[in-house]
Amino acid sequence: MIAVTILGATGTIGVNTLDVLARHPQLYRPLALTANQDVDGLFGQCCQWHPDYAVMADADAAERLRQKLAAEGSSTTVLAGVDGLTRVAALPEVDCVMAAIVGAAGLLPTLAAVRAGKRVLLANKEALVMSGELLIAAAEKHQAVLLPIDSEHNAIFQCLPDEQRHDMGAAGMRRVLLTSSGGPFRTFPPEQLANVTPEQACAHPNWVMGRKISVDSATMMNKGLEVIEACHLFAITAEQIEVVVHPQSVIHSMVEYIDGSVLAQMATPDMRVPIAHALAWPERITSGADNLDVFALAQLTFEKADEQRFPCLRLAYSAAREGGTAPAILNAANEVAVAAFLAGSLPFTAIADVVEMTTQQLSSEAAVDIETVIAADLQARRTAESILPALARQL
Ligand code: NAD
Ligand code: MG
């Protein structure tokens with residue numbers, strides 16, 4: 001039995017992970033489940049799965065969960081806060097950690113899993129964007145196995161030879177073609193983008209996802225974060241990555257080799273495919289996803305990404321090139337701006353403005369340790385917050 005901690009169990013990725021685990025009860029056991037504030041959501045999961053631990057980041061929510069579980073006679077231990085999250089990420093009896101908290105909040109729990117040498121299924125791209133070198137170095141030092149859950153990175157991983165995943169030259173790899181659906185606004189009239197609502201931004205054509213990553217997909221910041229993510233996971237530079245808009249989301253990314261071969265991974269757009277892949281790797285298990293019906297696919301199309309329409313992509317490329325704490329600054333400003341947009345207090349097009357102004361006001365430094373990264377994140381949040389009022393007035 002493989003014991004699994006799911007960080008962010010109540011989210012889209014968490015729920016999909018439990019769906020895959022439910023198909024293989026003889027192989028996997030969820031040992032710890034965590035959430036932020038959704039007491040009812042985590043309570044329901046605890047009643048179904050009887051994990052040893054349940055953790056709520058919010059202390060009041062943890063207390064309410066504790067009372068509800070006690071009333072059911074549950075034996076699940078309830079923990080609270082970042083300490084609780086890092087503890088269940090690193091428990092000796094845990095084999096595998098699904099890192100699926102959204103945003104910078106996932107950094108310390110993900111790092112704890114890496115430092116404990118776990119098999120880490122990495123969905124929380126923001127953690128890697130913020131602290132790429134440190135996280136990769138920690139994984140090497142503590143012999144943690146990092147497996148990408150982001151569908152594009154999981155696709156790239158599957159298209160690379162086992163032995164040379166971190167040595168592009170030895171693998172004979174020329175470049176990565178990182179696919180993107182283009183999001184809900186790919187063909188939207190640009191002059192109307194300033195007035196789109198959170199509901200429009202969250203209505204993704206191909207994927208059902210949490211609200212933050214849905215907005216990131218709509219601005220294409222998601223693709224920008226994924227460029228940075230790919231640089232760290234596969235030890236490549238931003239110049240070796242080309243974003244390819246592929247509206248059908250069937251090819252999840254491609255790797256081009258020096259002999260002209262291009263390998264692609266294809267599947268129906270269903271996150272259970274990369275989740276099942278990473279859970280079982282190097283073996284395979286069923287995921288519950290529909291088979292890909294190539295006859296039903298009328299066509300697969302490809303376009304260049306439009307940096308004019310999607311300035312976040314350009315900003316992310318430049319943070320990737322700059323390195324150091326630049327990606328952490330970019331990420332923090334984006335989290336602040338997206339939260340303001342989702343709260344209805346910032347126009348959609350101002351998300352990129354907040355990010356650009358924040359990155360202009362702050363200079364990056366070498367990301368020597370995690371404290372430096374966290375300090376850069378906090379400073380960028382304060383700067384972004386101070387920029388919001390001026391842009392919000394345009395509403
Ligand atoms: P979601 O919003 O649906 O779920 C987020 C989870 O994190 C929830 O369980 C929530 O309770 C928890 N959480 C939120 N804030 C927290 C905090 N401060 N402390 C502790 N826990 C907190 O998000 P999602 O769509 O499942 O995405 C999760 C991560 O996976 C993100 O980093 C996202 O970029 C990445 N990802 C998601 C998809 C997808 O298809 N949904 C695809 C690729 C990558
Ligand atoms: Mg992705």
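Worth a mention:
- Residue pairs, from the table Lys118/Lys223; Lys68/Lys212; Lys125/Lys212; Lys125/Lys223, whose Cα atoms sit over 18 Å apart: Lys118/Lys223; Lys68/Lys212
- Taking all protein chains into account, the per residue accessible area for the range 69-170 stands at 37 Å² (1.4 Å probe).
- Taken over the range 38-109, the alpha-carbon convex hull comes to 88 cubic angstrom per residue.
- Cubic angstrom per residue, convex hull over Cα atoms of the chain: 139
- Farthest toward the positive end of the dipole of the chain, out of Gly183, Leu69, Ala171, is the Cα of Leu69, where the dipole comes from beta carbon charges about the Cα centre.
- Gap separating the Cα centres of the range 317-382 and the range 112-145, nearest whole Å: 21
- Bridging of Lys141 to aspartates and glutamates at a Cα separation below 14 Å is possible for Glu133, once same-chain residues fewer than 8 apart are set aside.
- Charge dipole (the chain, unit charges on Cβ, about Cα centre) - positive-most of Ala367, Ile236, Pro92: Pro92
- Heavy-atom accessible area per residue - the range 188-273, 1.4 Å, Å²: 37
- A Cβ-based charge dipole, computed about the Cα centre of the chain with Lys and Arg at +1 and Asp and Glu at -1, lands at about 340 debye.
- Helix runs (DSSP H) in the chain reaching 27 Å along axis by Cα, Kyte-Doolittle at least 0.0: 370-392
- Between the range 1-55 and the range 249-292, the Cα center-to-center distance that results, in Å: 24
- Percent antiparallel among DSSP beta bridges (both partners in the chain, rounded to 5): 25
- Label-point gap, in nm, between Glu239 and Gln37 - each point 7 angstrom along Cα→Cβ: 4.6
- Percent carbon-and-sulfur accessible area, the chain, ignoring ligands, DNA and RNA, probe 1.4 Å: 51
- Accessible surface, the range 346-395, averaged per residue in Å² (probe 1.4 Å): 53
- Full extension of the chain segment joining Thr286 with Met266 gains 5.6 nm, where the gain is 0.36 nm per residue of separation less the Cα-Cα distance.
- The range 1-69 - charge dipole about Cα centre, Lys and Arg +1 at Cβ, Asp and Glu -1, debye rounded to 20: 240
- Charges were assigned to the Cβ only: +1 to each Lys and Arg, -1 to each Asp and Glu. The resulting dipole of the range 1-158 about its Cα centre is roughly 320 debye.
- Selected from Ala116, Val39, Val82, residue furthest toward positive end of dipole (the range 22-123; charges at beta carbon): Ala116
- Summed over qualifying helices (DSSP H, 4 residues or more, each -39500 (n - 2.57)) and divided by its residue number, the chain shows a 222 nm mean residue ellipticity of -14500 deg cm²/dmol.
- Over the range 266-394, the reciprocal of the mean inverse Cα-Cα separation, the Kirkwood hydrodynamic radius, stands at 17.5 Å.
- Sorting the Cα pairs of the range 144-281 by distance into bins of 10 Å, from 0 upward, gives 12, 41, 32, 12, 3 percent per bin.
The values are calculated or read from the model by the stated rules, or taken from the named source; none is laboratory data. Here the structure is a predicted model, which means the values were calculated and not measured. Neighbour counts run over all protein chains shown; Cβ positions are idealised from the backbone, glycine included. Protein only, heavy atoms only, side chains kept; ligands, DNA and RNA dropped before computing areas. Shrake-Rupley method; radii C 1.70, N 1.55, O 1.52, S 1.80 Å.
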